[in-house]
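Quick note: the coordinates plus some simple rules give every number you see, no bench work behind them. Since we're looking at a predicted model, the values are computed, not measured. Quick reminder, even Gly has a Cβ in these numbers, built from the backbone with ideal geometry, and neighbours come from all protein chains shown.
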Amino acid sequence: MKIEQKFWTKVDGWVDVPKGKLSETPQWVLVFGGRKLLEEGERFKEVKAMYPKSRILSCSTAGEILDTRVRNDSIALSAVFFEKTTLTFSEVTVEKGEDSYEAGRKLANDLKKDGLTHVMVFSDGLRVNGTKLVRGFNDVLPSDVSVTGGLVGDGADFKKTLVGLDESGKEGKIVAVGFYGHALKIGYGSLGGWDPFGIERTITKSKDNVLYELDGQPALKLYKEYLGEQANGLPGTGLLFPLRLRLKNVGKEVEVVRTILGISEADQSMTFAGDMPEGTPAMLMKANFERLIDGASGAGSMSIESLGSGKAELAILISCVGRIMVLKERVEEEIEAVRAKIGNEAAIVGFYSYGELCPVAPTEKQCELHNQTMTITTFREES
Amino acid sequence: MHQVLERQLKRFLGTSELEKIPTELRAFLQAVNDTYSHSDEDRALVLRSLELSSGEFAELNKRLHSENEIIEKKVRDRTEALTKANEELQTLDKRKSEFLSVVAHQLRTPLTGIKWALSMLVQSQSEPLSAKQKKLIISCEDGNERMITIVNEMLHADRIGTGTFELALVATDIVALISDVIEEMSLLTTERAITITFTHDTPIPTLMVDPEMIRFAFQNLLDNAIKYSQPHGTVEVRTEVRNARVTCSITDHGIGIPLDQQPYIFSRFFRAQNAISAEPNGNGLGLSIVKSILEKHGGTIRFTSEEKKETTFYCVFTV
């Protein structure tokens, strides 16, 4: 596997990362950038000119990650050449959340061929229902195929998110990449660092991923009370208090974290990244700095240990926008913590997201929707 | 500018006016200023969360306390109502026992009189009776004897129920006592062609019991076993000693006790439906009296039964 990286900023334009320069044509170019930059289209044209024969995946973000730097309104680019692995790309567009399950099934069916080892999913972050999307993949893919990925972002604006395959990006789009061949080794890890606090409440009114009431009171009112002056920053500041749900899943209880994607003053509702079933116990969560850094470090360890022996060559980091709200100007410390675990050889690229997709443990393959986590996928090609 | 940064600039650089600070430092100072501001925001958020959360817990506590008080009052009210109802029941029970006792005593005297009169008629040499007359009088004697038995049982039940009797404990050979009772039952067993077998360990230690009470108990149990057996059936009586306990068991292969009625078998005046069908005469006092007698002796009684198959009663005495 060979990788070259570069980034674009308004001040410096395109800057090559010194390590690595490809002489081969990369099969896959990852372009993570600010939503407005992608919408303008000029940067995409430049990328297309640089890599005319490559498949280009574009994603809008809530922050771009390249090496251990986090930037906003920039482009982070990684071009990857695989020596022995083949890739297949599939895309679909959804108009509304209810279509997410069928979208997942369609993408999975497109990629389900002999030799499929892993799938990475890059999904619209506002229209798609992450819970339903994940179920679509899990219902189709064989149990030995792992799935990771994320719901892309739009800064703290929550207005529109863009995903594109060989184009700058469109709303409602989901792109899935299938990796085939036994030479490719994949590792992954996902950890949060948030703790529930206060009394346990019950979701008393909701529909799919829209929450109306907790304990019979408007949920939006509760959030405004807790945020105080920062309520003016909703929905972005709502990321400071994700919800922990205790969901019943096939007779067992699982704990999941849900993050806010949007609010509606008209009906006092809050839209979350995954389903919010009525009757579910829910608790507000909070984070502290050290726990988030530990979470990132832990995810790094998991992604390396699950890769098996040998070092990672590429690490794609998908970290929740809620973490930036807490870490603020120290956000790069979590990337540095990941770097400390995965080693200096790996090329790091990634973005801040509205949701992360990953199995709950490195020993599992079927993915779940996570929120508020650092989720890492590591790659290595064996010779 | 954040007040802490302003103070620090004045202290270390002599000024907090940005125009007087080197340009190359201004971006850095802006970053520091942002860090201070964010830190204040975070602290304010944490304090606010703590305050709101504490308020919610206090509210929850208050609600739980209030609900707890309501529940406690309900429990108190219901306990009071139950206590009152219980007292009323006890009063009723006492009055019933007193009534039974009075009636039984009142009945016993004339019944005893009837018994002697009938006996004299049967035995009269001077005015012998015809066969038909004798038969009728014997029938009256049987009926009278039954009524005397019922009256005695009612008196026993009353005395035992109210605790108004004392045991006259004597070192008793239980094997001999049971053998006597079996012998007394021979008329009944012959009538119904029932075979009683009696086996026992050797030796069985003597027991400190009131022989009259224990005799009454075994008469009752054997009477039931014979009554509810099929004709030509067997009743097995067994006495054994294990771990300082003497157990006397009586097994019949008769009608058995229906499962849903087994919990009530020792209740006063209770008779299982199939027992009433098999033997309409009966007052339902026998087993409750037997249980009270055994418990008064520090012993226990239990049973196993399968309807239409067999029943075994176990009387256990501590040596």
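Secondary structure note: in the stretch A:11-82, about 60% of the DSSP beta bridges are antiparallel.
Normalised by 2.2 N^0.38 Å, with N the number of residues, the alpha-carbon radius of gyration of the stretch B:170-318 equals 0.99. Over the stretch A:194-284, the Kirkwood radius and the radius of gyration, each from Cα atoms, give a ratio Rg/Rh of 0.94. Relative to the longest principal Cα axis of chain B, at what angle does helix B:286-296 sit, 0 to 90 degrees, rounded to 10? Approximately 70 degrees, to the nearest ten. Calculated [222 nm] ellipticity per residue, helices only, for chain B: -21500 deg cm²/dmol; basis is -39500 (n - 2.57) per DSSP H run with n ≥ 4, divided by all residues, nearest 500.
Counting every alpha-carbon pair across the stretch B:101-241, the share separated by more than 27 Å comes to 40%. Any idea what angle helix A:100-111 forms with the longest principal axis of chain A, computed on alpha-carbon atoms, 0 to 90 degrees, nearest 10? Long axis of A:100-111 versus the principal axis of chain A: about 20 degrees.
Around the Cα centre of the protein assembly as shown, unit charges on the Cβ atoms of Lys, Arg, Asp and Glu (plus for the first two, minus for the last two) sum to a dipole of about 320 debye.
For the pair B:T23 and B:R108, the difference between a 0.36 nm per residue extended length and the Cα-Cα distance amounts to 18.2 nm.
Simple spin-label estimate for B:L92 and B:R146 gives 3.0 nm between the two label positions (7 Å along the Cα-to-Cβ direction from each Cα). Taking 17 Å as the cut-off, the amide N atoms of the stretch B:247-266 that come nearer than this to a point 7 Å along the Cα-to-beta-carbon line of B:S277 belong to B:254-262. Looking only at the stretch A:275-294, which residues have a backbone nitrogen under 18 Å from a spot 7 Å from the Cα of A:F197 in the C-beta direction? Only A:282-294 fall inside the zone, counting backbone N under 18 Å.
Ordering B:T195, B:I182, B:T304 by the projection of their Cα atoms onto the charge dipole of the stretch B:170-318, which places +1 on the Cβ of Lys and Arg and -1 on the Cβ of Asp and Glu, puts B:T304 at the extreme positive end. With a cut-off of 12 Å between beta carbons, the residues surrounding B:T234 carry a summed charge of -2, where Lys and Arg count +1 and Asp and Glu -1.
For the segment B:41-53, counting C-beta atoms of other chains within 10 Å of every residue's C-beta and taking the mean gives 5. Only four residue types carry charge here, +1 at the Cβ of Lys and Arg and -1 at the Cβ of Asp and Glu. Report the dipole size of the stretch A:19-82 about the Cα centre in Debye, rounded to the nearest 20. Charge dipole, the stretch A:19-82, about its Cα centre: 140 debye, nearest 20. Computed from Cα atoms, the angle from the helix B:174-184 axis to the main principal axis of chain B rounds to 50 degrees. The calculated 222 nm mean residue ellipticity attributable to helices in chain A amounts to -6500 deg cm²/dmol, summing -39500 (n - 2.57) over DSSP H runs of n ≥ 4 and dividing by all residues. Charge dipole of the stretch A:194-340 (Cα centre as origin; +1 on each Lys and Arg Cβ, -1 on each Asp and Glu Cβ, all else neutral): 200 debye, rounded to the nearest 20. Set against the 2.2 N^0.38 Å expectation for a compact globular protein, chain A has a Cα radius of gyration ratio of 0.92. Computed across the stretch A:1-63, the Kirkwood hydrodynamic radius from all distinct Cα-Cα pairs reaches 12.5 Å.
Between B:R192 and A:K221, the simple label model (points 7 Å from Cα in the Cβ direction) yields a spacing of 7.7 nm. Considering only B:H65, B:P280, B:P205, the residue lying farthest towards the positive end of the dipole of chain B is B:P280, judged by Cα position with unit charges set on Cβ.
Each peptide among A:111-120, B:5-14 gets the average number of other Cβ atoms lying within 10 Å of its residues, and from highest to lowest they stand as A:111-120, B:5-14.
Using Cα positions and a limit of under 14 Å, work out the aspartates and glutamates in reach of A:K311, with same-chain residues fewer than 8 apart set aside. By straight Cα distance, A:K311 reaches A:E345, A:E381, A:E382.
Restricting the stretch B:231-319 to chymotrypsin sites (Phe, Trp or Tyr not before Pro) that sit in a DSSP loop and have at most 12 other Cβ atoms within 10 Å of their own Cβ leaves B:F269. Pairs A:K286/A:K328; A:K2/A:K185; A:K6/A:K53; B:K227/B:K291; A:K173/A:K205; A:K132/A:K160: which exceed 25 Å Cα-Cα? Beyond 25 Å: A:K173/A:K205.
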